[in-house]
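Scroll down for the structure; my scribbles are underneath it.
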Amino acid sequence: MRAMNALIYDIRFQFRHGFYAVYVLVSALYVLLLYYVSPDYKERTALLLTFSDPGAIGLILAGGIVLLEKDQGVHDSLFVTPLRLHEYLLAKALSIAAISTVSAWGIQVCAIGLPAAPVPFTLGVLLTSALFTLLSIGIVARARSINGFIWLSQLYSLPLAVPLLGLFQIGPSSLYRIFPTQGSLVLLGAAHEQVMIEEYLYALVVLSMGVAAAYGWAYRSFERRVLARIGKGADLT
Amino acid sequence: MMNARALLRNDIRQMLKDPMLLASVIGPLAVFVFVRYLFRPLSVWVEERYAFDMMSHAEFAAMLLLTVIPLLAGVMTGLLMLDERDENLIAYFAVTPLTRKGYYRYRLLLPSGLACLMSAVYLLFGGIVDVRVEMLYPLLLTSAEAPCIALFLAAFAANKVEGLALSKLCGLLFVGPVLVFFVPGPWQAVGIILPTYWPSESYLQAASGESGLAAVTFGIGAAYHMLLLYIADRAFAKRMD
């Protein structure tokens, strides 16, 4: 129940601050862009866009939200309520994954058509979004300013972009299979091409392991660097 | 002047501590290095692999990448101003001899100057398009975009979270060069509302030998940029009052 309330609060917060409105415009722009892309490259471009934008939306936005909460001293009062840290993290990951999913489906359906495999596609968006959101929370626990956070987030997320090289047939494809985001590309790619069941399982396992690792890291970072400082007032450093 | 110098000294110190400020210099330099040293080898690789001639779109690439420089400086400054506003630092600056006006002037002049300098280096030494005197048109117009973006973010975002959401919309600026180079005649009219349409259009006209038309386009573009700057400045002043 507490997690549900936190989730509803986060969705309302994001709606009030214009995230949904902005993503309607951004998604419309991508649909327009895909309209002009040659049919030979359309599906690959859609995959690239879905991964790097609706998929990775949480990388910047989640950190921005947490940084604002830190500045306003929201955590001081939030964590004296019965709300647990894992409920807080879950609400952040799910609320941002909701925007990612709506946006990814909007781009896919309007620019290309219904995904060939809707369930793997949706799971791919949800898990990719959660991965980047949790990574972002781990990073923002280490940042003091918004610009410092943006720079750190690019640095930390760079390794996750490595499997994109495989989309252009650069380097041995087996090398990319250890990256959780290779799982994202397989699941998102299921929107356009048939994928073997073993490949689905591999993608789900590697991506879920990535999400679990990011969750553990975000939890520990938040606990040590944010919660441990509660009671010292708003972070104005 | 002395007061602004103190703020500049502080910013240089901050630049070493805050990696994003450093990125405002390194980012455009990275764009320059990419264009100067990597664009040609990359285009050879792409042509061999995908039979696509990137060099035939060199002017488009040059204008598209030029858009990145003021965008980086503008977004960075806008977010910095929002950060300082969220932390009530602007109120502190306002009661120092710097004054609130001096603070804004300094905050906006720095990104414009940086964007102008970096854009000039990029255009003069990038080496993928011919250097011509009309390059001043895109150079001046794009330099005016950095303060526009910064003010737009600071004026229309209530806090840094909204600033981040709005900065996503700045991606729309990349549509300007795309419209100029790829979209046929009448549809280009859609682009006139985008500030980034004007630098690319004036450059393309100059490159096709239509110097007079390029000068007129630059004039209209300059007036439009001034108007946008005025609107953003009014909106920002209103929010602060």
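The values are calculated or read from the model by the stated rules, or taken from the named source; none is laboratory data. Being a predicted model, the structure only gives us computed values, none of them experimental. Please note: Cβ atoms are built from the backbone with ideal geometry, for glycine as well, and neighbour counts cover all protein chains shown.
Based on this model, can you work out whether B:VAL129 counts as over 18 Å from the mean Cα position of the chain (by Cα) and either in contact (Cβ under 8 Å) with a residue 60 or more places away in the chain or crowded, with 16+ Cβ neighbours inside 10 Å (or both)?
Values: over 18 Å from the mean Cα position of the chain (by Cα): yes; either in contact (Cβ under 8 Å) with a residue 60 or more places away in the chain or crowded, with 16+ Cβ neighbours inside 10 Å (or both): yes.
Considered against the rule, which asks whether it is over 18 Å from the mean Cα position of the chain (by Cα) and either in contact (Cβ under 8 Å) with a residue 60 or more places away in the chain or crowded, with 16+ Cβ neighbours inside 10 Å (or both), B:VAL129 comes out as yes.
Do we find that A:THR101 is within 14 Å of chain B (Cβ to nearest Cβ) and more than 23 Å from A:ARG144 (Cα to Cα) in this structure?
On the way: within 14 Å of chain B (Cβ to nearest Cβ): no; more than 23 Å from A:ARG144 (Cα to Cα): yes.
Against the criterion (within 14 Å of chain B (Cβ to nearest Cβ) and more than 23 Å from A:ARG144 (Cα to Cα)), A:THR101 does not qualify.
Just the residues that are more than 13 Å from chain A (Cβ to nearest Cβ), in contact with an Asp or Glu (Cβ under 8 Å, 6 or more places away or on another chain) and outside any helix (DSSP H, G or I), please, taken from segment B:129-178.
If the condition is that a residue be more than 13 Å from chain A (Cβ to nearest Cβ), in contact with an Asp or Glu (Cβ under 8 Å, 6 or more places away or on another chain) and outside any helix (DSSP H, G or I), then B:VAL129 is the only one that fits.
Every residue, every condition in (1) away from every other protein chain (no Cβ under 12 Å); (2) in contact with a strand residue (DSSP E or B) (Cβ under 8 Å, 6 or more places away or on another chain); (3) at pLDDT below 85, yes or no:
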{"residue": "B:ASN3", "(1), (2), (3)": "yes, no, yes"}
{"residue": "B:ALA6", "(1), (2), (3)": "yes, no, yes"}
{"residue": "B:ILE12", "(1), (2), (3)": "yes, no, yes"}
{"residue": "B:ILE26", "(1), (2), (3)": "no, no, yes"}
{"residue": "B:ALA30", "(1), (2), (3)": "no, no, no"}
{"residue": "B:PHE34", "(1), (2), (3)": "yes, no, no"}
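Scan segment A:84-103 and tell me whether some residue there is at pLDDT below 95, assigned to a loop (DSSP other than H, G, I, E, B), more than 15 Å from A:VAL226 (Cα to Cα) and not polar (S, T, N, Q).
no
Regarding B:LEU141, is this residue over 30 Å from B:ASN10 (Cβ atoms), buried (at least 23 other Cβ atoms within 10 Å of the Cβ), among the hydrophobic types (A, V, I, L, M, F, W, C) and in contact (Cβ under 8 Å) with a residue 12 or more places away in the chain? So that I can check it myself, show each step before the final result.
Values: over 30 Å from B:ASN10 (Cβ atoms): yes; buried (at least 23 other Cβ atoms within 10 Å of the Cβ): yes; among the hydrophobic types (A, V, I, L, M, F, W, C): yes; in contact (Cβ under 8 Å) with a residue 12 or more places away in the chain: yes.
Judged against the criteria, B:LEU141 is a match.
Go through (1) at pLDDT below 80; (2) out of contact with any Ser or Thr (no Cβ under 7 Å at 6 or more places or on another chain) and name the single condition B:LEU124 misses.
Just one mismatch for B:LEU124, condition (1).
Out of all the residues in segment A:158-175, which are part of a helix (DSSP H, G or I) and either surrounded by fewer than 18 Cβ atoms within 10 Å (Cβ to Cβ) or free of Cβ contacts under 8 Å to residues at least 12 places away in the same chain (or both)? Spell out how you get there, then give the answer.
Let us first name the residues in segment A:158-175 that are part of a helix (DSSP H, G or I), namely A:158-161, A:164-167, A:173-175.
Residues satisfying the conditions are A:LEU158, A:PRO159, A:ALA161, A:LEU165, A:LEU167, A:SER173, A:SER174, A:LEU175.
Residue by residue through segment A:146-184, note down the ones that are modelled with pLDDT under 90 and either of a type in the set (S, T, N, Q) or at positive phi (or both).
Across segment A:146-184, the qualifying residues are A:ASN147, A:GLN154, A:GLN169, A:GLY171, A:SER173, A:SER174.
Looking at this structure, is B:SER200 surrounded by fewer than 23 Cβ atoms within 10 Å (Cβ to Cβ) and away from every other protein chain (no Cβ under 14 Å)?
On the way: surrounded by fewer than 23 Cβ atoms within 10 Å (Cβ to Cβ): no; away from every other protein chain (no Cβ under 14 Å): yes.
In short, no.
Only one of (1) over 24 Å from A:LEU25 (Cα atoms); (2) of a type in the set (A, V, I, L, M, F, W, C); (3) surrounded by 23 or more Cβ atoms within 10 Å (Cβ to Cβ) is not met by A:ILE57, so which one is it?
Answer for A:ILE57: the failing condition is (1).
Among residues belonging to segment B:73-125 that are small (Gly, Ala, Ser) and buried (at least 18 other Cβ atoms within 10 Å of the Cβ), point out the one that is nearest to A:GLY64 (Cα to Cα). I'd like the intermediate steps shown before the answer.
Filtering segment B:73-125 down to residues small (Gly, Ala, Ser) leaves B:73-74, B:78, B:91, B:94, B:102, B:112-113, B:115, B:119-120.
Retained after the next criterion (residues that are buried (at least 18 other Cβ atoms within 10 Å of the Cβ)): B:73-74, B:78, B:112, B:115, B:119.
Working: B:ALA73: 19, B:GLY74: 18, B:GLY78: 14, B:SER112: 25, B:ALA115: 25, B:SER119: 29 Å.
This residue is B:GLY78.
Of the residues in segment A:104-136, how many are over 23 Å from A:LEU164 (Cβ atoms) and not in a loop (DSSP other than H, G, I, E, B)?
Of the residues in segment A:104-136, the ones over 23 Å from A:LEU164 (Cβ atoms) are A:109-110, A:113-114, A:118-119.
Next, only the ones that are not in a loop (DSSP other than H, G, I, E, B) stay: A:109-110, A:118-119.
Within segment A:104-136, residues that are over 23 Å from A:LEU164 (Cβ atoms) and not in a loop (DSSP other than H, G, I, E, B) number 4.
Kindly establish whether A:LEU187 is modelled with pLDDT of 95 or more and within 15 Å of the chain's Cα centre (by Cα). Explain how you work it out, then say what you get.
Numbers: modelled with pLDDT of 95 or more: yes; within 15 Å of the chain's Cα centre (by Cα): yes.
Answer is yes for this residue.
Take B:ALA91 and decide whether it is part of a helix (DSSP H, G or I) and under 30 Å from B:PRO199 (Cα atoms).
Values: part of a helix (DSSP H, G or I): yes; under 30 Å from B:PRO199 (Cα atoms): no.
Judged against the criteria, B:ALA91 is not a match.
Let me confirm something: among B:ALA146, B:ALA165, B:ALA94, B:ALA154, which residue is in contact (Cβ under 8 Å) with a residue 60 or more places away in the chain, over 20 Å from B:PHE32 (Cβ atoms) and not acidic (Asp, Glu)?
Working: B:ALA146 fails: over 20 Å from B:PHE32 (Cβ atoms); B:ALA165 fails: in contact (Cβ under 8 Å) with a residue 60 or more places away in the chain; B:ALA94 fails: in contact (Cβ under 8 Å) with a residue 60 or more places away in the chain.
None of the other options fit; the residue is B:ALA154.
Please work out which residue is farthest from A:ALA21 (Cα to Cα), limiting yourself to segment B:179-217 and to residues that are among the β-branched types (Val, Ile, Thr) and assigned to a loop (DSSP other than H, G, I, E, B).
Restricting attention to segment B:179-217, the residues satisfying the condition of being among the β-branched types (Val, Ile, Thr) are B:180, B:183, B:190, B:192-193, B:196, B:216-217.
From what's left, assigned to a loop (DSSP other than H, G, I, E, B): B:183, B:196.
On the way: B:VAL183: 27, B:THR196: 23 Å.
Applying the filter and picking the extreme gives B:VAL183.
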